[in-house]
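Asks: Dumping the structure here so I can ask a few things about it.
The values are calculated or read from the model by the stated rules, or taken from the named source; none is laboratory data. Since the structure is predicted, the reported quantities are computational estimates derived from the model, not experimental observations. Neighbour counts run over all protein chains shown; Cβ positions are idealised from the backbone, glycine included. Just the protein is used for accessible areas: all its heavy atoms, side chains included, with ligands, DNA and RNA removed. Shrake-Rupley method; radii C 1.70, N 1.55, O 1.52, S 1.80 Å.
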Amino acid sequence: MKDFLSKNFSKLTILESVSFCLKKIKTDYCEKFVFSNLKKKICEAKNYLEYEKNSKNRLKKLLKLFYSVWKFREIDGKYNLSDVLLLDNVLKTYRGTAISLGIILLYVAKKLNISLNPIIFPTQIILKSYFSDKKKILINPFNGEILENRILDLWLKGNISSTVYLNENYLKSSKSKDVLKKFLNILKSSLMEERKIELALKVSNVLLKISPNDPYERRDRGLIYSQLECYQIAIEDLSYFVYKCPEDPIVDIIKLKIQSIKHNIYTLH
């Protein structure tokens, strides 16, 4: 992963950054298919929007093309979450999550010079567009629907607390690097749940290339190493977290985990 040192993610689109990372994680990830497929879609979109000059109408037509013509939508039924995160799979099946569909839509919009920005909302990623009248449109990337403030307020109350209210702090545009990290953390969690531990470790190592020595990433990697029975490295990572975040609410649990691992090492020897 030496090329991470020379990679300037700030100069890449979110999709390009995600695709670069996925190549490091899955040997069978087909980046060539992703970009050849998107190149064709962007050409189709340019023709579809050719005579539309109004910026708001261009966005609405893009959403119609993306969700009604191309038929991108959320997955239903039984599935592995990781399958609807991997961009090559999403472009083959047209099924995805809010974040994978959002990343693809953001890429297409950027190539068409349509204003669209990501927001890491507490419940999921949403998209935001501003127009000349300074009014903003908030979009649900699951289905392309316009989100009213009252819906977002209900999401907050239902997922955080009944005393939480929507305010502008929740609607600030997120940095590309933060969206990339959010994507990778969701992928890491899904792989852990699917018991694909070695792949989850690869994701964790990629995250630590992006944010070296982040104590929370070190904690997560330590927990993954413990599942792989790489006990000494696990202790190093978990101890780093305890040292850096002594006030974290979970630190006592991590200390118990370290003691449990040490007991396992003692038992094995």
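Asks: With every protein chain kept in place and ligands, DNA and RNA left out, what is the accessible area per residue of region 147-249? Probe 1.4 Å, answer in Å².
Replies: Ligands and nucleic acids excluded, the figure is 55 Å² per residue.
Asks: Using a basic spin-label model with each label point 7 Å from the Cα along Cα→Cβ, how many nm lie between residue 154 and residue 228?
Replies: 4.4 nm
Asks: For residue 96, which sequence-distant residues (separation of 5 or more, or a different chain) have an amide H within less than 5 Å of its own amide H, given hydrogens modelled in the peptide plane?
Replies: Those qualifying (amide H under 5 Å, at least 5 residues apart or on another chain) are 73, 74, 75.
Asks: Output the relative contact order of the chain, whole-number percent, from Cα pairs under 8 angstrom with separation of 6+ residues.
Replies: Computed value for the chain: 15 percent relative contact order.
Asks: Quick one: if you stick a label point 7 Å off each Cα along the C-beta vector at residue 12 and residue 211, how many nm between them?
Replies: My value for the distance between the label points is 1.7 nm.
Asks: Could you list the trypsin sites (Lys or Arg not before Pro) in region 22-82 that lie in coil according to DSSP, counting only those with at most 12 other Cβ atoms within 10 Å of their Cβ?
Replies: 53, 71, 78
Asks: Now, a different point. What aspartates and glutamates could a cross-link reach from residue 157, if we take a straight Cα to Cα line under 18 Å and drop same-chain neighbours fewer than 8 places away?
Replies: Reachable aspartates and glutamates: 148, 168.
Asks: So, one more: Step through the residues of region 212-221 one at a time and calculate ³J(HN,Hα) from phi using the Karplus curve (6.51 cos²θ - 1.76 cosθ + 1.60, θ = phi - 60°), rounding each to whole Hz and writing x for Gly and Pro.
Replies: x, 6, 4, x, 6, 5, 5, 4, 4, 5
Asks: Largest first, how would 30, 245 line up by accessible area (1.4 Å probe)?
Replies: The most accessible residue leads, giving 30, 245.
Asks: What list of ³J(HN,Hα) values in whole Hz, one per residue of region 28-43 in order, does the Karplus curve 6.51 cos²θ - 1.76 cosθ + 1.60 (θ = phi - 60°) give from phi, with Gly and Pro shown as x?
Replies: 9, 5, 9, 5, 4, 4, 4, 7, 5, 5, 5, 4, 5, 5, 5, 4
Asks: Using a 7 Å offset from the Cα along the Cα-to-Cβ direction at both residue 196 and residue 55, what is the distance between the two label points in nm, to one decimal?
Replies: Between residue 196 and residue 55, the simple spin-label model gives 3.9 nm.
Asks: Viscosity 1.306 mPa s, temperature 10 °C: what is the translational diffusion coefficient of region 1-147 from Stokes-Einstein with a Kirkwood Rh over Cα pairs, rounded to a whole number of µm²/s?
Replies: 99 µm²/s
Asks: Further, regarding this structure: Quote the charge dipole size of region 99-257 about the Cα centre in Debye, to the nearest 20; the model charges only the Cβ of Lys and Arg (+1) and of Asp and Glu (-1).
Replies: It comes to approximately 580 debye.
Asks: Going Cα to Cα from residue 177, which aspartates and glutamates come in below 18 Å? Please leave out same-chain ones fewer than 8 positions away.
Replies: By straight Cα distance, residue 177 reaches 3, 16, 214, 217.
Asks: Moving on. Go through [x] 134, 68, 31; [y] 73, 47, 39; [z] 54, 41, 32 and flag the label whose value is the computed Cα extents along the principal axes in Å for this structure.
Replies: So the structure-derived entry is [y].
Asks: Another one. Let me spell out the model: positive unit charges on the Cβ of Lys and Arg, negative unit charges on the Cβ of Asp and Glu, origin at the Cα centre of region 20-74. What dipole size does that give, in debye rounded to 20?
Replies: 140 debye
Asks: Once Rh for region 97-235 is found with the Kirkwood sum over Cα pairs, what is the Stokes-Einstein diffusion coefficient at 10 °C and 1.306 mPa s, in µm²/s?
Replies: 94 µm²/s
Asks: For the pairs 26/172; 71/209; 64/202; 11/181; 110/182; 40/64, note any where the Cα-Cα span goes beyond 26 Å.
Replies: Cα-Cα > 26 Å for 26/172; 71/209; 64/202; rest within.
Asks: Treating only the Cβ atoms of Lys and Arg (+1) and Asp and Glu (-1) as charged, compute the dipole magnitude of the chain about its Cα centre; round to the nearest 20 debye.
Replies: Approximately 1100 debye in magnitude.
Asks: Another question, if that's okay. Can you give the FRET efficiency for residue 145 and residue 115, using 1/(1 + (r/R0)^6), R0 = 25 Å, r = Cβ-Cβ distance, to the nearest 0.05?
Replies: Computed FRET efficiency for residue 145 and residue 115: 0.85.
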